[in-house]
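Read the figures in this text as sums done on the coordinates, not as results from a lab. Keep in mind the model is a prediction, meaning the values are calculated, not measured. Counting neighbours? That spans all protein chains shown, and the Cβs are built from the backbone with ideal geometry, glycine included.
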Amino acid sequence: MPSASTPPSRAGERLAPLRALPPWAGDAVAVAITLLATGLRLLLDPVLPPGFPFLTFFPAVVLTTFFFGLRPGIVCAVLSGLAAWYFFINPINSFVLNAQTALALIFYAFIVTVDIALIHWMRVAGERLAAERAVTADLYEQQRTMFQELQHRVANNMQFVAALLALQKRKIADDPRAAAEAFDEAQARLETIARIHRRLYDPSRIDQPVGQYLQELCSDLLEATGARNIVCLVDVPPLRFDLARLTTLSLLVVEVVTNALKHAFTESARGTITIRLEQLQGSMTALTITDDGPGIPADFDPTASRSLGFRIVQGLAAQLDGTLTYANDGGTVVRLVFPGGRAA
């Protein structure tokens with residue numbers, strides 16, 4: 001049994017492979033342990049005082065239940081009780097039931113029932129703690145990734161505001177009379193950034209069609225970056241996602257589209273960014289984001305990139321339990337395959 005310093009959840013994790021055995025294997029182990037306990041009790045019989053018919057059977061039941069689970073423990077308890085009754089309770093080598101025998105068997109049944117119940121409840125509690133720990137770890141990872149994404153987004157927004165103010169400053173220097181217009185333009189772009197953030201974190205958006213939601217999101221991004229020569233096409237069937245998955249998916253789309261706007265096109269070039277969602281077999285969904293820019297280098301490895309943006313995209317994909325791939329096919333192609341999504 002685990003020591004007092006061993007958390008029940010860790011003990012349960014260590015014993016999980018034993019409890020994953022098929023039922024017949026656990027029953028076979030229970031029979032073998034019963035035979036071993038019977039043989040050991042027969043060896044000890046000459047040196048023991050009269051009585052003690054269940055001496056080796058109690059540990060057998062406890063160990064079987066602890067290591068192999070409830071059903072093998074019950075099998076071991078029943079077989080051990082029969083073996084003790086036949087070989088070690090008077091009259092020996094018979095199943096005669098009298099008052100003394102009945103009392104001994106009731107005592108045995110009470111003890112093994114309490115042992116099995118306690119061990120089973122401890123195992124269930126350990127598994128529950130392990131599951132809660134896994135959920136806590138997953139929530140922590142999600143919060144860490146979201147915090148990184150928030151920091152990255154704030155930093156990007158600050159850089160954008162600085163660049164915007166520098167641009168407006170140059171306009172004012174060229175024509176001081178355009179100061180009011182320049183500040184109006186800067187204000188409009190900052191309001192667009194705020195609108196993007198409100199759209200991302202607005203729970204009421206959960207009932208909006210995903211295609212319309214992503215189209216508005218992309219329109220806000222194009223407006224915020226001033227990319228007037230870029231077109232964003234959204235091809236999405238009627239799908240629905242829960243709020244958590246839609247938020248994570250939106251953050252990933254924002255990150256990938258922003259990277260495309262920053263790196264895939266020159267300032268005066270025309271271009272197209274296409275976003276597609278499609279349902280696959282096995283309750284899987286594929287998100288594909290493509291641009292018609294020069295594309296990523298052939299030897300590009302996103303997992304080895306030190307860019308925070310790529311790490312954030314990888315973290316968001318992991319939150320969706322998805323597989324993320326990059327390719328160059330007439331431009332950069334980012335594809336995410338993940339479970340979830342249902343017809344609207």
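Could you tell me what a quarter of the Cα convex hull surface of region 81-156 works out to, in nm² with one decimal place?
Computing the convex hull of the Cα atoms and averaging its projections yields 6.4 nm².
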Between Asp45 and Val135, the two model label points (7 Å from Cα along the beta-carbon direction) sit apart by a distance in nm of 5.3 nm
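For Asn98 and Trp24, compute 0.36 nm times the residue count separating them, minus their Cα-Cα distance, and round to one decimal in nm.
Values: separation 74, 0.36 × 74 = 26.64 nm, distance 3.42 nm.
Taking 0.36 nm per residue and subtracting the Cα distance, the gain is 23.2 nm.
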Separation between the Phe107 and Ala327 pseudo-spin-labels, each 7 Å from Cα along Cα→Cβ, expressed in nm? 7.5 nm
Give the calculated FRET efficiency between His120 and Leu233 to the nearest 0.05, with a Förster radius of 45 Å applied to their Cβ-Cβ distance. 0.20
Once the mean of 1/r over all distinct C-alpha pairs in region 218-341 is inverted, the Kirkwood radius in Å reads 14.9 Å
Mean projection of the alpha-carbon convex hull of region 102-145 over all orientations, in nm²? 2.4 nm²
Region 229-317: which trypsin sites (Lys or Arg not before Pro) are DSSP loop and have at most 14 other beta-carbon atoms within 10 angstrom? Arg270, Arg306
If you average 1/r over every pair of different alpha-carbon atoms in region 25-103 and take one over that average, what Kirkwood value in Å do you get? 12.7 Å
